[in-house]
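Working notes, structure below.
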Amino acid sequence: MSIDTMTAEGKVQAGARRWGGWKWVGIVAGAIALLLITAAGLWMWMSYVPADLDYATTRLSNGGAYRVSYEPRHGPIAVNQIHAWTIHVETADGQPIEGATIAVDGDMPQHGHGLPTEPQVTQDLGGGDYLVEGLKFHMPGWWVVDYTITAGGQTDTVRFNLLLN
Ligand SMILES: [Cu+2]
């Protein structure tokens, strides 16, 4: 049937079919674009690192009770290697704290996952020094490590930022 012999209604239906085909192309292209934008956004979010992060290895705890510093025991921290830190705990005015109870925690703030291991303070080395064993960072990027320190009935948490590559 040629277009001339179609009823007006038939022409409208044929037109709708043609546009119907293009509509699907539009929907698929839109879906692909949305997927790409989502993936790009997710990637940007997961690799985002605040510009003003403090990477100091000596920091005051959140409540100001303790000054804490750390040092990896075997040189620079490599991704995916179990390693140990020595941390030093003192009061804000510099008196070493011995006999503290210290819990270790850590995570990647942008990834929603924590540490792959359960590091622990395994030894009170005296003079405010403590041995932390079992640390491992299994991805490059921004990590935080928190020490929650309890001494003399006072609990406070200190946070260290690390950027690994
Ligand atoms: Cu991660």
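The values are calculated or read from the model by the stated rules, or taken from the named source; none is laboratory data. Just so you know, these numbers come straight off a predicted model, no measurement behind them. So basically every Cβ, Gly included, is an ideal-geometry build from the backbone, and we count neighbours across all protein chains shown.
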Fill in the blank from the handout: Of the candidates Pro72, Pro76, Pro96, the one satisfying the condition of being in the same structural domain as Glu133 (by TED's automatic domain parsing), under 26 Å from Thr150 (Cα atoms) and under 22 Å from the mean Cα position of the chain (by Cα) is Pro72
Handout entry: Among (1) without any contact (Cβ under 8 Å) to a residue 24 or more places away in the chain; (2) under 25 Å from Trp43 (Cα atoms); (3) surrounded by 15 or more Cβ atoms within 10 Å (Cβ to Cβ), the one test that Lys136 misses
Key = (1)
Handout entry: Any chance Leu60 is surrounded by 14 or more Cβ atoms within 10 Å (Cβ to Cβ) and free of Cβ contacts under 8 Å to residues at least 60 places away in the same chain
Key = no
Problem - Qualifying position, being surrounded by 13 or more Cβ atoms within 10 Å (Cβ to Cβ) and in contact with a Ser or Thr (Cβ under 8 Å, 6 or more places away or on another chain), among Ile77, Ile102 - result: Ile102
Handout entry: Scan of segment 62-111 for residues that are under 14 Å from Lys136 (Cβ atoms) and among the β-branched types (Val, Ile, Thr), ordered by number
Key = Ile77, Val79, Ile82, Val104
Handout entry: Subset of segment 144-155 [without any contact (Cβ under 8 Å) to a residue 12 or more places away in the chain and within 16 Å of the ligand (Cβ to nearest atom)]
Key = none
Practice task
Would you please name the residue that is modelled with the lowest pLDDT, looking only at residues in segment 41-89 that are among the hydroxyl-bearing types (Ser, Thr, Tyr) and more than 24 Å from Gly134 (Cβ to Cβ)?
Solution key: Ser47
Practice task
Give me the pairs, please: first residue somewhere in segment 103-128 and more than 18 Å from Ser47 (Cβ to Cβ), second residue anywhere and within 16 Å of the ligand (Cβ to nearest atom) and of a type in the set (Phe, Trp, Tyr), beta-carbon distance under 7 Å, and either six or more positions apart or on two chains.
Solution key: Gly106/Trp143
Problem - Some residue of segment 120-143 being more than 15 Å from Ser61 (Cα to Cα), within 16 Å of the ligand (Cβ to nearest atom) and more than 13 Å from the chain's Cα centre (by Cα) - result: yes
Handout entry: Residues within segment 37-54 that are surrounded by 10 or more Cβ atoms within 10 Å (Cβ to Cβ) and either part of a loop (DSSP other than H, G, I, E, B) or more than 17 Å from the chain's Cα centre (by Cα) (or both), tallied
Key = 9
